[in-house]
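FYI, it's all coordinate maths here, none of it is from the lab. Just so it is clear, the model here is predicted, and its values are computed rather than measured. Every residue, glycine as well, gets a Cβ built from its backbone with ideal geometry; the counts of neighbours run over all protein chains shown.
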Amino acid sequence: MPLAETPWEAYRPTPQDPWDLRKVAHLHRRAGFGATWAKLQRNLKDGPDAGVERLLKPRAMSADEKLILDSLRQGVLESNDADRLKAWWLYRIQYDPDTLREKLTLFWHGHFATSNRKVGSISHMLSQNELLRRHALGPFGELLTGIVGDPAMLTWLDGAGSKKEKPNENFGREFLELFTLGTGHYAEQDVREAARAFTGWSVDDNKGKFSAMDHDKGNKTFLKQTGEWQAADIVRITLEQPACAEFICRKLYRFFISETEDPKPELLRPLAEELRGHSYEIGHVVSIILRSRHFYDKAVCRQRIKGPVEFSAGLIHALEVPRVNVRLPALALAIDRQGQELFYPPTVKGWDGGKTWLNSTTVLERGNWVNHLIWGNADFGLNPFNPLEWAHRNKVPTDQITARLLELLLQDDAGPKARNLILEAGRTGTADDLRKALQRIVHCPEFQLA
Amino acid sequence: MQPTRRDLLRLGIGSATLLACGNVVPRFLARSASALEGQPLNGKGRVLVVLELTGGNDGLNTVVPYADDIYHKSRPKLHLTKEQVRKIDDHIGLHSALHAFGDLLQAQQLAIVQSVGYPNPNRSHFESMAIWHTADLKPTGDTPGWLARGLDTKPVAAGSDVPALHVGADLLPQALQGGERHIPSVAGLEQFRRRLNVPKSAGPDEQRTALDQIGSEGRGSSGSLLQFVERSTLLTYASSARLESVMGKGGGATGYPESYGLAQRLKLVAQLIKAGLTTSLYYTHVGGFDTHANQAGTHEGLLREVGDSLKAFLDNLKKAGAHDRVLVLVFSEFGRRLAENGSAGTDHGTAAPVFLLGASVQPGAHGPRPNLHDLDSEGDPKHAIDFRQVYATLLDEWLSCPSAKVLGEKFDRLSLLRKV
């Protein structure tokens, strides 16, 4: 079916449905971690195609940026410190020009959820993260192949040391249940046969190594196909299943569009067909989603609860908190306490997301953290946020600062009472009153929604 | 009884919230609010503490069939010998790391229910856990939890606290989801304070009032995500105020091992019970039981944490005279396969023991031992007792909830509790 006849048809601005600030901000919340005032204004002017193109083809990193990133990375490896590993990734999330790739890396981290609690190796966690980033938008098969031999994964799901005599089922089961097909699309026998096909791997010299001697060379019947299957065959046969494309598209839908409703078949099927028809190229499907009419439908706006990384890193990014005032380890700690400890997902299923992000403890953590960001906190080394400096950088006249901050963070989505209370607080234009206005903005329930 | 506005004003969430709510206080908040107002009832009722062992606890190395040859043959690396267990009888014994359970058994405070499971066992962690949480063999993500359904059958007394508390930083367990009332999660009292951080010179009181008004504009339509955010926020502010009011009360506990997270969470539960909260249900969990590789040391450490922490908890309650109104349920989503795998670990299995602890239990081992000579097609022990029989017993005899209504059908109860 041509996409033009589905809800995935590309969005075109019309007088009734114009390209407006709400849509630009929506695009950046979903495809990245929010955007600065300048970026919002530029993409508002240039239109939807230019905005999506910039996300798909970001500018290259400058030599200076590369240098900083390399030295941070080196520091992670030398210190062998999980906090520095988290800080390194949060740095990329904040400052890497390729925000869509970072967003998808976070998606894959939740998909192939691996915890250092068991892996116990900072360098393996780092290289898995780089694997996820490298293949984030490419063919899913290449990512899966990388995951099969990934040292962190080999340790995490006991693929390492699973030998022909007594195969360990852990990886085989989660491969089918959580990584590719979902329950209901395979039988217990497929788990056992996959486990046999995955035997023979170990971690050697920080790399995944396959040893034919430990591998079960016998015939296996996996998803009704029989042969002397190895890991690559399991990947190939699994990708042949239509259920695999649907499983991945359902998760992408949840991530980019809506957590509240499962996609209807008429939405899911064309997307899954596109994925299978384009060698499982993730970027192809993501590009369709981000350009589509359905993506910009008002009914899907603010239909996701922001995850802790989106919430916290996103606010710092949008407010352009100066680099010297961003304490990445403190940011990482805040995100941990809000329930998303990077590199330590709670289980192999990753973070459930959606409503589960909010419970009374995490609601307090979110609130307390933004209050620290706005008013400062000596323990975290945080200076109070300076709204006048923000206004100066963005050439916003003093009497418009509150209104522009409101547009930056909430567009038109605040309630009328809240709107009045916000504008009233910022009227005098002093730094403290603007902080009060900002605190009111981020305390709007709508601000929790992406 | 609906709480009066005066009751609500004592909540500490700011009168502005209530003014903003208009004349009609949202029903959900009224309930939680009445539950959280300044001078609550002094709780003297029964309490159930549920401890989930996440990941699939190896039941066969917890309650060990040490006299069975098949057990030893199937587990050349992991088997525990007669000398390595604390004997319960001539057939079974407790893992030595559970010496505290042994002491509790001697003190008649431990009941072991063997071979607990359900028909057509599911070996997925997440699906099997959902089955245990919902007491439904085909649950979806929206199926309400069995405890939430139980709580929904109970009337709400004016001035009572939240009916249940989840103690932990992770997400609310499905067992407590989907009921009429929102259940808060608390990781620790210190983290449970609301800090606005507004300097004195900038007018913190006025700001608090404004923030409360913004939080309760109530724009979310019924069932929407926005409404969920609004409710979570208001319940959080109310719970935070209530727990701040009991800080410093009910303390004075010793004997909790410092290094165990579980011990610290149970210490908080004991503190809240002793402080007089009317909450009748606490839920917490310990993870790490998915021991596919090099199981021995990991499993031993986990069992020690479970045993020592629960012992400290029960001792503490006994000292405070509250032990006869507290019952603990310990369960896991499944046991593990009889045969060990090639990584000195065990893969996902089926039936496993469930534990009940407290002064009100019928002590000793209940239910048949796992029959290792009659395994299912995957090599796992078959279940003999349906977990819903355990739930039915607790619902009817401890929580006074009609089990047939909560579970959707009648299950035979077990003689696990003393008649009082």
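Over what distance in Å are the Cα centres of the range A:194-252 and the range A:331-386 separated? Spelled out, the Cα-based centre of one part sits 37 Å from the other. Each of A:His284, A:Gln303, A:Leu267 was placed along the dipole of the range A:157-310 (beta-carbon charges, centred on the mean Cα), and the one lying farthest toward the positive end is A:Gln303.
The magnitude of the dipole of the range B:205-288, with charges of +1 and -1 set on the Cβ of Lys/Arg and Asp/Glu and taken from the Cα centre, is near 380 debye. Take the alpha carbon gyration tensor of the protein assembly as shown, find the square roots of its eigenvalues, order them as a ≥ b ≥ c, and report rounded if a/c is under 1.5; if not, report prolate when a/b exceeds b/c, else oblate. Since a/c reaches 1.5 but b/c is at least a/b, the shape of the protein assembly as shown is classed as oblate.
Could you give the size of the charge dipole of the range A:329-450 about its Cα centre, using +1 on the Cβ of each K and R and -1 on the Cβ of each D and E, expressed in debye and rounded to the nearest 20? Walk me through the numbers on the way to the answer.
Details: 13 positive and 14 negative charges, 28 e Å.
Roughly 140 debye for the range A:329-450.
Can you give the alpha-carbon Rg of the range B:214-360 over 2.2 N^0.38 Å, where N counts its residues? Write down the numbers at each step before the final one.
On the way: Rg = 20.0 Å, N = 147, 2.2 N^0.38 = 14.7 Å.
Against the empirical 2.2 N^0.38 Å value, I get 1.36 for the range B:214-360.
Going from the residue with the fewest nearby Cβ atoms within 10 Å to the one with the most, A:Thr430, A:Thr356 rank A:Thr430, A:Thr356. For the range A:182-322, what ratio Rg/Rh do Cα atoms give with a Kirkwood hydrodynamic radius? That ratio is 1.10, to two decimals.
For chain B, the longest principal axis of the alpha carbon atoms and the long axis of helix B:387-397 meet at an angle near 50°. As a calculated quantity, the FRET efficiency between B:Lys138 and A:Lys395 at R0 = 60 Å, using C-beta atoms, amounts to about 0.50.
Helix B:125-134 and the longest principal axis of the C-alpha atoms of chain B enclose an angle of approximately 60°. Look at where the Cα atoms of the range B:290-320 and of the range B:354-414 average out, and the two centres are 22 Å apart. Would you mind telling me which residue in A:Ala50, A:Ala313, A:Ala87 has the biggest mean-square fluctuation in a Gaussian network model of chain A, where springs connect alpha carbons within a distance under 10 angstrom? It is A:Ala50.
With respect to the cross-link table entries B:Lys154/B:Lys274; B:Lys311/B:Lys410; A:Lys166/A:Lys209; A:Lys39/A:Lys298; A:Lys103/A:Lys298, which display a Cα-Cα separation exceeding 24 Å? Result: B:Lys311/B:Lys410 exceed 24 Å. Connecting C-alpha atoms closer than 10 Å in a GNM of chain A, tell me which of A:Leu223, A:Leu275, A:Leu181 has the biggest fluctuation. Ranking A:Leu223, A:Leu275, A:Leu181 by mean-square fluctuation puts A:Leu223 first.
With no solvent and one point per C-alpha, what does the Debye sum give as log10 I(q)/I(0) for the range A:266-376 at q = 0.12, 0.19 Å⁻¹? Here the Debye-derived log intensity ratios amount to -0.61, -1.06. Across all Cα atoms of the range A:1-155, the radius of gyration (one decimal) and Dmax (whole number) stand at 18.4, 57 Å.
The alpha carbon centroids of the range B:119-157 and the range A:62-92 are separated by 44 Å. If you plug the beta carbon distance of A:Ser79 and A:Ala232 into 1/(1 + (r/R0)^6) with R0 = 30 Å, you get a FRET efficiency near 0.25. Placing unit charges on each Cβ (+1 for Lys and Arg, -1 for Asp and Glu) gives the range B:162-210 a dipole about its Cα centre, and among B:Leu165, B:Asn197, B:Leu176 the Cα reaching farthest toward its positive end belongs to B:Asn197. When B:His373, A:His317, B:His91 are arranged by Cβ crowding within 10 Å, least crowded first, meaning fewest neighbours, the order is B:His373, B:His91, A:His317. The simple spin-label model puts a point 7 Å past each Cα toward its Cβ; for A:Asn420 and A:Arg323 those points are separated by 4.5 nm.
I need the shape label for the range A:62-130. Rule: rounded when a/c is under 1.5, else prolate if a/b > b/c, else oblate, with a, b, c from the alpha carbon gyration tensor.
oblate
When the protein assembly as shown is described by a simple charge dipole with +1 on each Lys and Arg Cβ and -1 on each Asp and Glu Cβ, the residue from B:Gly321, A:Met153, A:Ser258 located farthest towards its positive end is B:Gly321. Summarising the amide proton neighbourhood of B:Leu417: residues at separation of 5 or more, or on other chains, whose placed amide H is nearer than 5 Å comprise B:Gln362. Around the amide H of A:Trp19, modelled in the peptide plane, lie the amide H atoms of A:Thr14, all under 5 Å away and 5 or more residues distant in sequence or on another chain.
Simple point charges give the picture: +1 on the Cβ of Lys and Arg, -1 on the Cβ of Asp and Glu, and for the protein assembly as shown a dipole about the Cα centre of about 2000 debye. Rg ratio for chain A: its Cα radius of gyration over 2.2 N^0.38 Å, N being its residue count, equals 1.03.
Per the helix-only calculation at 222 nm, which mean residue ellipticity applies to chain B, given -39500 (n - 2.57) for every DSSP H run of n ≥ 4 and division by its residues, nearest 500 deg cm²/dmol? Spell out each step's value before the answer.
On the way: 13 runs with 141 residues, N = 420.
Mean residue ellipticity at 222 nm (helix-derived): -10000 deg cm²/dmol.
Tell me what chain A gives for mean residue ellipticity at 222 nm when only DSSP H runs of n ≥ 4 count, each as -39,500 (n - 2.57), the sum divided by the residue total, rounded to 500 deg cm²/dmol. Mean residue ellipticity at 222 nm (helix-derived): -16500 deg cm²/dmol.
For chain B, just say rounded, prolate or oblate: build the C-alpha gyration tensor, square-root its eigenvalues into a ≥ b ≥ c, call rounded for a/c under 1.5, and beyond that prolate if a/b exceeds b/c, oblate if not. Kindly include the intermediate steps, with their values, before the conclusion.
Details: a/c = 2.08, a/b = 1.91, b/c = 1.09.
Prolate shape, in that a/c is at least 1.5 and a/b is the bigger ratio.
If you run the Gaussian network model on chain A, springs between alpha carbon atoms under 10 Å, then out of A:Pro58, A:Pro416, A:Pro242 the most flexible one is A:Pro416. Of B:Ser96, B:Ser222, A:Ser62, the sequence from fewest to most neighbouring Cβ atoms within 10 angstrom is B:Ser222, A:Ser62, B:Ser96.
Amide hydrogen proximity for B:Val64: with H placed 1.01 Å from N in the peptide plane, the residues at 5 or more positions away or on another chain lying under 5 Å are B:Gly93, B:Leu94, B:His95.
If N is the number of residues in the range B:171-294, what value comes out of its Cα radius of gyration divided by 2.2 N^0.38 Å? Provide the component values of the computation, followed by the final result.
Numbers: Rg = 18.2 Å, N = 124, 2.2 N^0.38 = 13.7 Å.
The range B:171-294 yields a ratio of 1.32.
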